[in-house]
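**Q** Have a look at this one.
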Amino acid sequence: MLEFIKSGFLFIKKNPQILFSLILIFALPVSLYFNTFLTIQALQKAIDMGLQAQSITISNTLGALLERDFPGKGRADQPMLQKTIDVLAGTAAPDAAPVAPPKSNVNLENIRVIVKEGTDFKVIAAQDSSEVGQTLDLDPSLNGERVIAIAWANANDVLAPVEENNDKFWRVIKVLTDKDTHESYGLITADIPLRETDNLITSAVIQAYVILVASIIMVLLLILQHTGLFAFVSRTQNLEEQNKVKDQFIRMAGHELQGPITNMRWVLEALQEEMAASSNDIQKQYLERITISINGLGKLVNDILEVSHLQQGKMDFDPAKILPADIIAQIVNNVKLKAEGKGLKISFAANDFHYYINVNQARFTQIVTNLIENAIKYTPAGEIKVSITAETGRGRCIITVQDTGFGISAEGQKKMFEQFYRVKTQANAGIPGTGLGLWMSREMARKMDGDIMLESIERMGSRFFVYFPLCR
């Protein structure tokens, strides 16, 4: 465990940017918790303030309704008080009282009218008719009833939170005072239950904490994922460093190999000239094989260097407006002798193409030359047809290189543009190649907003399509 913690600190030290991510990961659940806590407190406060405001209105309304039937000390009309309370409680018809009940969305419970007889407080009308005539128990443990005594003593209306029998409510107390002597002669009390409010708050609390727990779980999963991501970042950095070392090695090895290959060519050419008159057919065949091998090795080194430059973004792709038909005609003319040397007919159809394209001329020449030379290489007999047409509706040109060569199987076509892939058959077994030309050609075309596609049938030939957007 200690080693794990130590390695973790070392990793963070090497990658200080990860420390910020870790702080965010741990700060998120903490902030969510406090946000939930403060939101619940704000909700509770808002509900309490709303109930208090309603309670004041209810207190004044109760006073206005019941004071008509209890205008002064000893002048209580108990039957009418009871009828009004019954109407307010919803247990009697509204026309049973001299005034209509107020409209409110607050349920009232335990409505009572109370008077003081000596030192006792007696109920003279109540929502619960069984309480009428009873004397209140003012034991201090019954805090709700103690509030009644406090309100009478201070002759002030009271709004107090009360909890009795695990039930919470706000108790509203309206003090009835004599207008002349300002003495208290009666109390009107009512309870506003908090069951629905508590249920609402409890539901909100449960939802909030469920969301909080879910968020914490997601953050923990994120931490686990982040741990894997740290390892991925480390591996990525190692791979990048390894790729840099690999590219440097390839570039260095390629340049170092070019010198010996060039020297071998010179020596081989000198040897061929010296032995031209005295060598027999077998010796000439050996020298020819050596020449093919050296040329193939030189081509492989050049291709690997170009692949390295392409992958590192060091290849020039600066575009320029060119007339592709003119360049293709020149390429076809340059390879005509090679094609005719194999007994192949090669032709180019410009199809009255007079549009410009915006590409790098050197890369464009390299792509088209590679496709045409491949067609010549893999066509033992027949002809090579090169053409260019314009699809003005789609804003692009299509360069087609068609041959009558070996053709490529459906399976081979799927891998044809992969690095180092070559279709191996008995027919092409002796043809040299690196398997990089088509991959490089397509990559270069795509970097210039173009592409290369292939159609082929075995033993009937292949047709390559090169697409580039036309200049507008």
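**Q** Step by step: first the residues of the stretch 354-372, then only those that are in contact with a Pro (Cβ under 9 Å, 6 or more places away or on another chain) and buried (at least 18 other Cβ atoms within 10 Å of the Cβ), then the one that is nearest to ARG396 (Cα to Cα). Which residue is that?
**A** Applying the filter and picking the extreme gives ILE357.
**Q** Here's another thing I want to ask about it. LEU138 versus (1) under 60 Å from the mean Cα position of the chain (by Cα); (2) over 18 Å from GLU109 (Cβ atoms): which is the lone unmet condition?
**A** Of (1) under 60 Å from the mean Cα position of the chain (by Cα); (2) over 18 Å from GLU109 (Cβ atoms), only one is false for LEU138: (1).
**Q** Further question: Given the residues LYS336, LYS345, LYS321, which is the only one that is surrounded by 15 or more Cβ atoms within 10 Å (Cβ to Cβ), touching a strand residue (DSSP E or B) at 6+ places or on another chain (Cβ under 7 Å) and modelled with pLDDT of 90 or more?
**A** LYS336
**Q** Identify, by number, the condition in (1) under 27 Å from SER308 (Cβ atoms); (2) crowded, with 18+ Cβ neighbours inside 10 Å; (3) not charged (D, E, K, R) that GLN419 doesn't meet.
**A** Evaluating GLN419 over (1) under 27 Å from SER308 (Cβ atoms); (2) crowded, with 18+ Cβ neighbours inside 10 Å; (3) not charged (D, E, K, R) leaves (2) as the failure.
**Q** Checking ASP128 against (1) more than 23 Å from LYS168 (Cα to Cα); (2) at pLDDT 85 or above; (3) of a type in the set (D, E, K, R), which test does it fail?
**A** Failed condition: (1).
**Q** Which is closer than 23 Å to ARG146 by Cβ, at pLDDT 80 or above and of a type in the set (D, E, K, R), of ASP69, ASP77, ASP120, ASP86?
**A** Values: ASP69 fails: closer than 23 Å to ARG146 by Cβ; ASP77 fails: closer than 23 Å to ARG146 by Cβ; ASP86 fails: closer than 23 Å to ARG146 by Cβ.
None of the others qualify; the one that does is ASP120.
**Q** Does ILE304 fit the bill of being assigned to a helix (DSSP H, G or I), under 59 Å from the mean Cα position of the chain (by Cα) and in contact (Cβ under 8 Å) with a residue 60 or more places away in the chain?
**A** Against the criterion (assigned to a helix (DSSP H, G or I), under 59 Å from the mean Cα position of the chain (by Cα) and in contact (Cβ under 8 Å) with a residue 60 or more places away in the chain), ILE304 qualifies.
**Q** Shifting gears a bit: I want to confirm something. Restricting to the stretch 43-78 and keeping residues that are assigned to a helix (DSSP H, G or I) and of a type in the set (Lys, Arg), which single residue is farthest from GLU117 (Cα to Cα)?
**A** LYS45
**Q** Let me ask something else about it. Which numbered condition in (1) in contact (Cβ under 8 Å) with a residue 24 or more places away in the chain; (2) surrounded by fewer than 13 Cβ atoms within 10 Å (Cβ to Cβ); (3) within 60 Å of the chain's Cα centre (by Cα) is the only one that GLU183 fails?
**A** (3)
**Q** Right, something else. Report every pair of residues separated by at least 6 positions or lying on different chains whose Cβ atoms are under 6 Å apart, first residue within the stretch 352-378 and closer than 28 Å to GLY341 by Cβ, second part of a loop (DSSP other than H, G, I, E, B) and among the aromatic types (Phe, Trp, Tyr).
**A** TYR378/PHE406
The values are calculated or read from the model by the stated rules, or taken from the named source; none is laboratory data. The structure presented is a predicted model; accordingly, all values stated were derived computationally and were not measured. Counting neighbours? That spans all protein chains shown, and the Cβs are built from the backbone with ideal geometry, glycine included.
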